[in-house]
Amino acid sequence: MFLWGTATASYQIEGAVDEDGRGPSIWDTFSHEPGRTRDGHTGDVACDHYHRWPEDVALMAEAGLNAYRFSIAWPRILPFGRGPANPAGLDFYDRLVDALCEKGITPVPTLFHWDLPQALEDEGGWLNREISGYFADYVAVVAERLSDRVRTWITLNEPFVHMVYGYGLGMHAPGRMLFLDALPVAHHQLLGHGLAVQALRAGGAERVMISNNCTPVWPASDSPEDLAAADAYDTLHNRLFNDPILTGAYPDLSAYGRPELDFVRTGDLEIIAQPLDGLGINYYNPTRITRPGEPAPGSGGLPFEFAAITDYPTTAFGWPVVPDGLRELLESLKATYGPALPPIYITENGCSYDGIDDQERIAYLDGHIAAVRAAEGVDVRGYFVWSLLDNFEWAEGYHQRFGLVHVDFETQKRTPKASYYWLKDLISSQSTEAQSAEKAQSTET
Ligand code: IFM
């Protein structure tokens, strides 16, 4: 069955940050620091999904969605990151999973979508190798409670973005500006992923994957300097997170002056490269890259620079709209990894636009779904729209609206947008087509 879903994340929608024993996360700390988010917005209330989840599940059921990707807040389960579990936190996700199953919606939980317990950040966060093991311990607690109903799991969301924005550039929590010294964060997240895969398998999981944010990298010209810069960026954004998982080796980081990754220990790569049942791909847009200019002071110098993509329309966030980039990305993954590439699930794709009659979002989704279908030789088994609801868009606060459903953040009223009804019609026509095909086949045999 092809999965048609929407995706959300705990800190972006739940609110109720200090209810029922939830511990503080790095996003609680960060968003309350002056100047960290636009207009000082926080996820304290967000979409109040912690209380309104029955309405949100009903909205998904009404749209005919057969899957829901949500994330589990580590600090709701283990308020201090490790130690005793918080029964109320487990109960919340238990009830959510039950409600999804009752409606025939496959639950697809992500175990880490950036809301690290603050207590673990105080021990160094993902710079501390020990966190990988604590992550696997937390995953085992969740699996023990939910794996009788949850068969499909995602370990991490976008470890690239968490490393670069959170630890490299300080634009996301925990707000550290370490530039290339953030690299161990990539390895410790991937090690945590591998250990979590083992914990999930031990708990009987059927389908395990990771969601990587991937981008096709476009060199600004054919000059050898621009080609080398594009290759270096591709290494950092895509291959640093896909290669170890799919090939058991890190790509060459000599362009970054890091030929030796001294934080990698014997045996780590075997743990990281556990076989997966799927690769989650989060796609938003391609990235154009040019040769580096003068390095910014303190940045350590990077072997590339971003060049604007000005020849495409843009979303309200200013991101270029390039549906064919998704086809290009999928085909290039197939070309790079060949038979090592597991089935693909598009675990995020979507856009920020204002308004309830969101014709631009319809055009965006239509174009990207067509691009998935056009990708030759790639086994794609699911497509999740980011996002179900307008929500807390990290450093942008509530200023970027990605939802199929509009949220009035004053009243919490949900209003399905035109794109919600468009997707509902699309899913219903797909299942009618699938049923007719099945019927035709059974008549033939
Ligand atoms: O909102 C985010 C999400 O948390 C991770 N992927 C990209 C989305 C849009 O920026």
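The values are calculated or read from the model by the stated rules, or taken from the named source; none is laboratory data. A quick note: this is a predicted structure, and the numbers were derived from the prediction, not measured. So basically every Cβ, Gly included, is an ideal-geometry build from the backbone, and we count neighbours across all protein chains shown. Protein only, heavy atoms only, side chains kept; ligands, DNA and RNA dropped before computing areas. Shrake-Rupley method; radii C 1.70, N 1.55, O 1.52, S 1.80 Å.
The fraction of accessible area contributed by carbon and sulfur in the range 176-223 is 52 percent, rounded to a whole number (1.4 Å probe; ligands and nucleic acids excluded).
Let me know the charge dipole size of the range 3-112 about its Cα centre in debye, to the nearest 20, where only the beta-carbon of Lys, Arg (+1) and Asp, Glu (-1) is charged. If you can, show how the numbers build up before the last one.
Details: 9 positive and 16 negative charges, 80 e Å.
I would put it at about 380 debye.
Any chance you could check the Cα centroid distance between the range 232-260 and the range 169-201 for me, in angstrom? When both Cα centres are located, 14 Å separates them. May I ask which residue of Q118, I105, A136 lies farthest towards the positive end of the charge dipole of the range 101-152, with charges of +1 (Lys, Arg) and -1 (Asp, Glu) on Cβ and the Cα centre as origin? Towards the positive end, the residue furthest out is I105. With the cut-off at under 15 Å, measuring from each backbone N in the range 151-182 to a point 7 Å along the Cα-to-Cβ line of R38 picks out 172. With a cut-off of 12 Å, note down the residues of the range 185-217 whose backbone N falls inside the zone around a label point 7 Å from the Cα of E144 toward its beta carbon. Answer for this model: 203.
Exposure check, 1.4 Å probe, all protein chains in place: R145 carries approximately 80 Å² of accessible surface.
Quick one: with all protein chains in place, what share of the accessible area of the range 6-105 is carbon or sulfur, to the nearest percent (1.4 Å probe)?
On the way: 1820 of 3530 Å².
Result for the range 6-105: 52 percent of the exposed heavy-atom area is carbon or sulfur.
At most 15 other Cβ atoms within 10 Å and a DSSP loop assignment: could you name the trypsin sites (Lys or Arg not before Pro) in the range 201-290 that fit? Let's see the in-between values first.
Details: sites: R201, R207, R239, R265, R288; in loops: R265.
Here the sparse-neighbourhood loop sites are R265.
The alpha-carbon of K103 sits under 15 angstrom from the alpha-carbons of these aspartates and glutamates, leaving out residues fewer than 8 places away in its chain: E55, D56, E62, D94. The sum of -39500 (n - 2.57) across all DSSP H runs of n ≥ 4, divided by the residue count of the chain, sets its helix-only mean residue ellipticity at 222 nm to -11500 deg cm²/dmol. Between the range 356-412 and the range 1-69, the C-alpha centres lie 15 angstrom from each other.
With a 1.4 Å probe and all protein chains left in place, how much accessible area per residue does the chain have, in Å²? Present the calculation step by step, with values, prior to reporting the outcome.
Working: 17090 Å² over 445 residues.
Here the per-residue accessible area is 38 Å².
Placing +1 on the Cβ of every Lys and Arg and -1 on the Cβ of every Asp and Glu, with no other charges, gives the range 125-242 a dipole of roughly 580 debye about its Cα centre.
Were the residues from D181 through W319 laid out at 0.36 nm apart, the gain over their Cα-Cα distance would be 46.9 nm.
Extending 7 Å from Cα along the Cβ direction at R381 and again at D222 yields two label points whose distance is 4.0 nm.
Of M1, M171, M177, the order by accessible heavy-atom surface (1.4 Å probe, DNA, RNA and ligands excluded), from most exposed downward, is M1, M177, M171.
Specify whether the C-alpha gyration tensor of the chain places it in the rounded, prolate or oblate class, a ≥ b ≥ c being the square roots of the eigenvalues: rounded for a/c under 1.5, otherwise prolate if a/b is larger than b/c and oblate if not. Kindly include the intermediate steps, with their values, before the conclusion.
Details: a/c = 1.29, a/b = 1.12, b/c = 1.15.
It is rounded, given that a/c, with a ≥ b ≥ c, falls under 1.5.
Gain on full extension, evaluated as 0.36 nm per residue between V264 and K103 minus their Cα-Cα distance, stands at 53.5 nm.
Contact order normalised by length for the chain, with contacts defined as Cα pairs under 8 Å and 6 or more residues apart; what percent is it? Write out the running numbers ahead of the final one.
Numbers: 913 pairs, mean separation 73.9, N = 445.
Over the chain, the number comes to 17 percent.
The magnitude of the dipole of the chain, with charges of +1 and -1 set on the Cβ of Lys/Arg and Asp/Glu and taken from the Cα centre, is near 640 debye.
Our coupling estimate for the range 156-163, obtained by passing each phi through the Karplus curve with A = 6.51, B = -1.76, C = 1.60 and θ = phi - 60°, is 10, 9, 6, x, 4, 5, 5, 5 Hz, Gly and Pro reported as x.
Can you bin the range 62-105 into rounded, prolate or oblate? Criterion: square roots of the alpha carbon gyration tensor eigenvalues sorted a ≥ b ≥ c, rounded for a/c under 1.5, prolate for a/b above b/c, oblate for the rest. Prolate shape, in that a/c is at least 1.5 and a/b is the bigger ratio.
Got a number for carbon plus sulfur as a percent of the range 307-445's accessible area, 1.4 Å probe?
Values: 3160 of 6180 Å².
C and S fraction of accessible area: 51 percent.
Rank D357, D268, D324 by accessible area, highest first, at a 1.4 Å probe radius? Don't skip to the end; give the middle numbers.
Working: D357 110, D268 5, D324 80 Å².
Final ranking, largest accessible area leading: D357, D324, D268.
Could you tell me whether the range 228-343 comes out rounded, prolate or oblate from its Cα gyration tensor? Rule is a ≥ b ≥ c as square roots of the eigenvalues, rounded for a/c under 1.5, then prolate if a/b exceeds b/c, otherwise oblate.
Working: a/c = 2.46, a/b = 1.17, b/c = 2.11.
Because a/c hits 1.5 or more and a/b fails to exceed b/c, the range 228-343 counts as oblate.
Straightening the chain between N128 and A434 buys 105.3 nm, computed as 0.36 nm per residue apart minus the Cα-Cα spacing.
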